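Report on the following structure.
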Amino acid sequence: MNKLFCLNIQEADYYKKYCFTVLGIPFKVGVPKLSQNEIKKLNAKYEANTEDVLTPKVENIQNTLNELIYTNKSICRYGDGEFNLIFGKDISFQNYSEKLSNRLKEILCSNANEVIVCIPDRFGSLDKVNNIDTNFWRKYMVYNRDRLNNVLRPDKQYYDACVSRPYIALKDKFPCKDYFEKIKMIYAGKDIIFVEGEASRLGYKNDLFSSAKSIRRIICPAQNAFDKYDEILETCKKYASQNTIFIIALGPTATILAYDLANAGYRALDLGHIDIEYEWFLMGAKKKVAIKNKYVNEVKSGRKISNVEDENYLNEIIANLAKE
């Protein structure tokens, strides 16, 4: 092909672009987005789970829970945000960096025996989830499946990242009570250290973590927490003991932190969203809604949070890295 005019097609961020160069000058021309019907048709063979298509090996929520209850393994989770960072894109509360992207890619394909790596069980059938979740993941897969396949290992056994999202997206809410009761078994009788964004407030004003022996908190920045990663990791190690379980709600930083703490000999559970899902479960919510005194990134009105002056909550805080 003439080097003066070179044309190729790439997939990026839910829409396709023609990317070409003329006289050494790059140009990008957007192509109209696919309709919902076109997206549905393109994803149909994967949703049908036909024998001629290959998808990653992902255990379901039930088996993922069992792995956490009956072993001492740590958990690292990936969702669309972590994948987008791998692909070089900022997300709403974490800017892209090459170091962050490389760590996420490393852990995604790791062989650590004491860590289960979780990705969403959305590569095949979407029958168990509601229309909102179906439409989101169907679209995401159509535009990103090839890129995902390039960073995932076809031989690796993954687990379901939605283990910490066991309510709002599911069509059948009947098993949800059992899911949460099993989650409480994971840390029953243990000393918990929450590593969370400054307004996450895991377990505040609910009984999700009432089975724990004790609760302490390390508060981290809600935005760009990875910028303080080394300090966060060292602070965790400073307060850790053999009976400690770290429960982390810190976006993509949690994925990496759980892995590094596990390699340091501690149990660490990346369980972001679990507290908000429990709140929605308790209120019988039909859609994502704001929760008083807790940061809910996926709801616009849930991002404005007031201070909490509750003495019991404040006494649980052993380090506040968000204010430094």
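List, in the order given, every pair from Lys45/Lys177; Lys73/Lys228; Lys237/Lys300 whose Cα-Cα distance in the structure shown is over 30 Å.
Beyond 30 Å: Lys45/Lys177; Lys237/Lys300.
Under a point-charge model restricted to the Cβ atoms of Lys and Arg (+1) and Asp and Glu (-1), what is the dipole moment magnitude of the chain relative to its Cα centre, in debye to the nearest 20?
The calculation lands at about 860 debye.
Can you give the direction-averaged projected area of the convex hull of the alpha-carbon atoms in segment 116-270, in nm²?
If I average the Cα hull's projected area over directions, I get 10.5 nm².
Output the 0 to 90 degree angle, nearest 10, between the alpha-carbon long axis of helix 229-239 and the longest principal axis computed from the alpha carbons of the chain.
The answer is roughly 20 degrees.
Order by neighbour count: Cys76, Cys162, Cys236, Cys176, fewest other Cβ atoms within 10 Å first, most last.
Result, fewest neighbours first: Cys176, Cys236, Cys162, Cys76.
Can you give me the Cα centroid spacing of segment 209-244 and segment 115-134 in angstrom?
Here the two parts' Cα centres lie 28 Å apart.
Please arrange Glu279, Glu82 by counting, for each residue, the other beta carbons lying within 10 Å of its beta carbon, fewest first. Don't jump to the answer; show the numbers that get you there.
On the way: Glu279 21, Glu82 26.
Listed from fewest to most nearby Cβ atoms, that is Glu279, Glu82.
Note down the relative contact order for segment 70-137 as a percent, whole number, built from C-alpha pairs under 8 angstrom at least six residues apart.
Details: 50 pairs, mean separation 25.7, N = 68.
Computed over segment 70-137, the figure is 38 percent.
Under a straight-distance cross-link criterion of Cα-Cα below 21 Å, which lysines are reachable from Lys294, leaving out those fewer than 8 residues away in the same chain?
Correct list for Lys294: Lys184, Lys205, Lys286, Lys304, Lys323.
Shape of segment 56-201 from its Cα gyration tensor (a ≥ b ≥ c, root eigenvalues): rounded if a/c is under 1.5, otherwise prolate when a/b > b/c, or oblate? Could you put the intermediate results ahead of the total?
On the way: a/c = 1.44, a/b = 1.19, b/c = 1.22.
Rounded shape, in that the Cα axes give a/c under 1.5.
Taking a ≥ b ≥ c as the square roots of the eigenvalues of the Cα gyration tensor of segment 49-92, is the shape rounded (a/c under 1.5), prolate (a/b larger than b/c) or oblate?
Oblate shape, in that a/c is at least 1.5 and b/c is the bigger or equal ratio.
Using Cα springs under 10 Å in a Gaussian network model of the chain, which residue among Arg267, Arg77, Arg153 shows the largest mean-square fluctuation?
Of Arg267, Arg77, Arg153, the Gaussian network model singles out Arg153 as fluctuating most.
Could you sort the peptides 251-261, 281-291, 199-209, 223-233 by per-residue average Cβ neighbour count (10 Å cutoff), highest mean leading?
251-261, 199-209, 223-233, 281-291
Relative to the longest principal axis of the C-alpha atoms of the chain, give the angle of the C-alpha long axis of helix 61-70, reported between 0 and 90° and rounded to the nearest 10°.
Rounded to the nearest ten degrees, it is 40.
For each of Ser241, Ser74, Ser97, count neighbouring Cβ atoms within 10 Å of the residue's Cβ, then give the residues from fewest to most.
Taking fewest neighbouring Cβ atoms as first place, the list is Ser241, Ser97, Ser74.
Among the aspartates and glutamates, which fall within straight-line cross-link reach of Lys57, defined as a Cα-Cα distance under 14 Å, with same-chain neighbours fewer than 8 residues apart omitted?
Leaving aside aspartates and glutamates fewer than 8 places away in the same chain, those within reach of Lys57 are Asp121, Asp155, Asp160.
Since every read-out is calculated from the coordinates, none of them should be taken as a lab result. Being a predicted model, the structure only gives us computed values, none of them experimental. With ideal geometry, Cβ positions are generated from the backbone for all residues, glycine too; neighbour counts draw on all protein chains shown.
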